[in-house]
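Have a look at the structure below, then the notes.
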Amino acid sequence: METPEGFKRCSDCGEEKNISEFGRNKRMADGLARYCKACFRRRHTQSYRKRMEEQGKTVRERAEVPDGQKFCPRCGEIRPRAEFGSNRSAKDGLTAYCKPCHTVVTRENKIKKYGSERNYLLTYRYGITEDDFERMLARQGGLCAVCKVVPGTFVDHSHETGQVRGILCFNCNNGLGHFGDSLVLLESAALYLDGEILWPEFVILPEQRAAGATTRMRSYHLARRYQLRHEDVERMISAQHGLCVVCWGRPPEHVDHCHRTGDVRYALCLPCNTGIGQFRDDPGVVWRALSYVEASLGEFDEVEVSEEELRELIRAEEELRADFYSRASRVG
C-alpha cells in the first residue's frame, strides 16, 4: 500500500505518521529519521539504560511532577518551586536541587575542589590558601601583626586595593575598620590617647541639634557611670564645636573615658569611640596600627604627569579647598 504524500511509515512501530513526527537525518534519502520521534525516544532510553547497567549505575525513573512543583534529584522529593533557589542560566530559572540539598552540594563541591570550606573562602575573598595563611602567621610569631599580644585569626586586606597585609586579631582588625585605614585619623587617635588634642582652626559646623528632654535613664547612666549631668555633657560638646575631637567630621554621640583611671576625656563619635576601644585605649597599639598601614602603602613610584594633567589636578584641589572654606567656620 502506497504511503500518502506528507506521511512516512516508522520502521519500528510500523505506523504511518505525518512527517512532522520524524526528526531530521541528512544521511537518509528523504532527509528524515528512520524512526518516529516517540520510537526514537524509547529506543534511546533503552540504549542509555543498558549502557548504565553495564557500568553498574542505576537510572532513576522519570517522575511525574504537578504544575507549580519540581523534583529534586538529590533527596528524591517533589517540592514547591518556592523551595528552590534562583538560577538564571537554567531553562526554568531554578536551581537543580532544593535549597537544603543545594547548600549541602555546594559545601561538598567546595571541599572537593578546594580541600575545605575555609580554603575556598580564603581563595575567593583574598586570593590566598590556608598554607599561605599559616606561613604569614608563622612569620608574625603566631601573634597579631598590630598589637603583637593576641593570636592572629583574621586576614586583613586593603579595601581600596585588595592587597592582603597581614593576620590580625579581632580587635585590631575592627579598630582599623572603624578608622577606615586612614593614617590621619589613626595619628589623631594616637595623639588623643597620649593626651594631645589637635584643635583645628576651621571646621564645618554641624546642624544645630534640637534640645530634647533628657530621659531619666540617660541622666541615671551619666551620673552613675561618669559622675556627670546632662548639662555637663552639653557644655563639653559645645566646647568641641559640636564635633568629635578625633575626626572633627561627625557629631559626638558618646562620652569617652579612660578605662584605667575612669577619668572622662571628651565626647566622641561612634566610629572613633569604638575604634579607640578596640585598640584597648592603648596609644602604643594605635601607633603600631598607623605604622602597619603606612608600611603596606610602600614606596610610591614617580609618575610622569603632563602639564595639562597637572593643571587639572591643581584646579580640582583648589575647588575642594574653596568648597571647604565656603562652608567652614573659623573656631581657632
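Here, each number is a calculation from the coordinates, and none is a lab measurement. Please read these numbers as outputs of a predicted model, since none were measured by experiment. So basically every Cβ, Gly included, is an ideal-geometry build from the backbone, and we count neighbours across all protein chains shown.
Here are the numbers for this structure:
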{"quantity": "Top positive-direction residue, dipole computed over the chain with Cβ charges, set 313, 241, 259", "calculated": "259"}
{"quantity": "Two-site FRET efficiency, residue 112 against residue 61, from Cβ-Cβ distance with R₀ of 35 Å, rounded to 0.05", "calculated": "0.80"}
{"quantity": "Gyration tensor (Cα) of segment 69-110, equivalent ellipsoid semi-axes in angstrom", "calculated": "16, 13, 8"}
{"quantity": "Aspartates and glutamates with Cα under 15 Å of residue 70, excluding same-chain neighbours fewer than 8 positions away", "calculated": "61, 83, 92"}
{"quantity": "Per-pair calculated FRET efficiency, R0 = 56 Å: residue 90 and residue 315 via Cβ, rounded to 0.05", "calculated": "0.60"}
{"quantity": "Likely footprinting exposure, 217, 136, 52, fewest C-beta neighbours within 10 Å first", "calculated": "217, 52, 136"}
{"quantity": "Mean Cα-pair separation over length for the chain, i.e. relative contact order, pairs under 8 Å, 6 or more apart, %", "calculated": "11 percent"}
{"quantity": "Relative exposure of 181, 281, judged by other C-beta atoms within 10 Å (fewest first)", "calculated": "281, 181"}
{"quantity": "Choice from 184, 59, 286 with maximal GNM fluctuation in the chain (Cα, 10 Å cutoff)", "calculated": "59"}
{"quantity": "Residue 126-residue 103 pseudo-label distance in nm [points 7 Å out on the Cα-to-Cβ vector]", "calculated": "2.6 nm"}
{"quantity": "Mean-position separation - Cα centroids, segment 53-121 and segment 248-317, in angstrom", "calculated": "48 Å"}
{"quantity": "In nm, spacing of pseudo-spin labels at residue 204 and residue 250 (7 Å Cα→C-beta vector)", "calculated": "1.5 nm"}
{"quantity": "Segment 201-308, relative contact order [Cα under 8 Å, separation at least 6], %", "calculated": "17 percent"}
{"quantity": "Net length gained if the chain between residue 45 and residue 143 were fully extended (0.36 nm per residue, minus Cα distance)", "calculated": "29.1 nm"}
{"quantity": "Residue order, fewest to most surrounding Cβ atoms within 10 angstrom, among 203, 305", "calculated": "305, 203"}
{"quantity": "Label selected from (i) 35.1, 111; (ii) 21.9, 76; (iii) 18.7, 61, the criterion being Rg and Dmax of the Cα atoms in Å as computed here", "calculated": "(i)"}
{"quantity": "Over 24 Å between alpha carbons, listed pairs 50/99; 17/57; 57/112; 26/91; 50/113", "calculated": "50/99; 17/57; 26/91; 50/113"}
